[in-house]
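Below is one structure; the comments refer to it alone.
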Amino acid sequence: ATPAANDFSFPSGHTQNAVGTYGSIARFTKYKWLRIVGIVLAVLIPISRLYLGVHTPLDVGVSFVIGTVLVLIMYPLIKKTDESRGFSALFSVFAPC
């Protein structure tokens with residue numbers, strides 16, 4: 001059996017990462033099937049955290065809100081960068097010299 005959430009579980013990092021990552025993929029893609037997959041994963045992963053009993057509803061709910069807000073805030077910024085310099089400009093920091 002999985003132990004109940006009683007340690008440092010606030011907020012749920014798994015939930016926040018899932019919503020941020022898969023929510024961003026859903027927001028930025030032009031493919032409908034990928035958007036659906038992203039949304040489904042962004043919803044099912046937080047539910048799995050509750051089902052497994054490793055987080056409380058508050059942990060998951062706050063993380064879901066944080067992830068969603070970050071996706072919504074970052075979208076216009078990334079869209080503007082993409083239009084002005086190209087999306088690859090965001091990742092130029094990682095390019096080898």
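Observations on the model:
- A single member of V43, V37, V65, V71 is in a helix (DSSP H, G or I), buried (at least 16 other Cβ atoms within 10 Å of the Cβ) and at pLDDT 85 or above, and it is V71.
- The set of residues in region 26-76 that are free of Cβ contacts under 8 Å to residues at least 24 places away in the same chain and among the β-branched types (V, I, T) comprises T29, I36, V37, I39, V40, V43, I47, V65, V69, I73.
- Residue check, V54 surrounded by 11 or more Cβ atoms within 10 Å (Cβ to Cβ) and either basic (K, R) or at pLDDT 85 or above (or both): no
- Count of region 4-34 residues, restricted to those that are assigned to a helix (DSSP H, G or I), under 19 Å from M74 (Cβ atoms) and not aromatic (F, W, Y), is 14.
The values are calculated or read from the model by the stated rules, or taken from the named source; none is laboratory data. Fair warning: this is a prediction, and the values are worked out from it, not measured in the lab. Every residue, glycine among them, receives a Cβ derived from its backbone with ideal geometry; neighbour counts consider all protein chains shown.
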